[in-house]
Amino acid sequence: MKMRSISTQFRKVTPVLLISWIVAMLGLLIAIFISFNKDIPLDNFTQDPNAQFEAPFYVGFFSNLGIMLWSAAFTICFYGAWRTNGKIDKRGQQFLILSGLITMLMTLDDLFQLHELVFPQYLSISENMVYLTYLNIYMIYFIRFRKQLLNSDFIVLGIAFFLLGLSTIIDILPLPIEKDTFLEDAIKLLGAITWLIYFARTADEVVEKNNSK
């Protein structure tokens, strides 16, 4: 097998590296700006939370695992959309892109506690308003891509939504038992696993159908 030349590698990889580095540098510059203006130590933005608070390594283990599952799901969606030829299957490509964006939103919400902390406390947007916005996004998604959803293993996605919805209900409703987040987080983890399984299978089917045309 012929070895790829160094010049060819640089020509193909340099644009991707530059764009990725520029985005990363913008994030770091924003962190530096906030640090100086709000008098927040830069370590707060870069250091691992467990190291920052000297917590045991297992603190937040399943929460971190959930973030990894969400991240894997939206990565699969975006990669599947990239592998899908939009000229042949434009709607399938759009379906994967929007699915990836919705999953990324859920990832960021879970990672940074958007609906329960960032929006209410920092942006003065009520948690109920955030839930309503998310619900509208899901409804538009279901209506726009109902054909793609019905032609997939939609029962798996339905189970994922049921588990995630149940986790949300446990979170927001007062229960006749002592408040404990373990049950809520355990159900949410199962929902994230099911979500990943659905989109891994669905993205594979979309790409396979596209390549067979």
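Can you name every one of the helices (runs of 4 or more DSSP H) wholly within region 97-213 that holds 1 or more residues which are modelled with pLDDT under 95 and under 20 Å from residue 65 (Cβ atoms)?
Numbers: elements: 127-144, 146-150, 154-172, 181-212.
Passing ranges, in order: 154-172, 181-212.
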Failed criterion for residue 16 (all others in (1) under 30 Å from residue 208 (Cβ atoms); (2) surrounded by 11 or more Cβ atoms within 10 Å (Cβ to Cβ) hold): (2)
Count of residues meeting criterion [within 18 Å of the chain's Cα centre (by Cα), crowded, with 17+ Cβ neighbours inside 10 Å and not hydroxyl-bearing (Ser, Thr, Tyr)] in region 103-122: 7
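Just a yes or no: is a residue in region 66-77 surrounded by fewer than 11 Cβ atoms within 10 Å (Cβ to Cβ) and part of a helix (DSSP H, G or I)?
So in region 66-77, the residues surrounded by fewer than 11 Cβ atoms within 10 Å (Cβ to Cβ) come out as none.
Within region 66-77, none of the residues are surrounded by fewer than 11 Cβ atoms within 10 Å (Cβ to Cβ) and part of a helix (DSSP H, G or I).
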Condition met for residue 5 (free of Cβ contacts under 8 Å to residues at least 40 places away in the same chain and either under 15 Å from residue 199 (Cβ atoms) or not assigned by TED's automatic domain parsing to the domain that holds residue 149 (or both)): yes
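Taking only region 135-148 into account, find how many residues are surrounded by 16 or more Cβ atoms within 10 Å (Cβ to Cβ) and free of Cβ contacts under 8 Å to residues at least 24 places away in the same chain. Please lay out each step first, then the result.
From region 135-148, those surrounded by 16 or more Cβ atoms within 10 Å (Cβ to Cβ) are 141, 145, 148; that's our starting set.
Subset that is free of Cβ contacts under 8 Å to residues at least 24 places away in the same chain: none.
Of the residues in region 135-148, 0 are surrounded by 16 or more Cβ atoms within 10 Å (Cβ to Cβ) and free of Cβ contacts under 8 Å to residues at least 24 places away in the same chain.
The values are calculated or read from the model by the stated rules, or taken from the named source; none is laboratory data. This is a predicted model, so every value here is computed, not measured. Because the Cβ atoms are built from the backbone with ideal geometry, glycine has one as well, and the counts that use them run over all protein chains shown.
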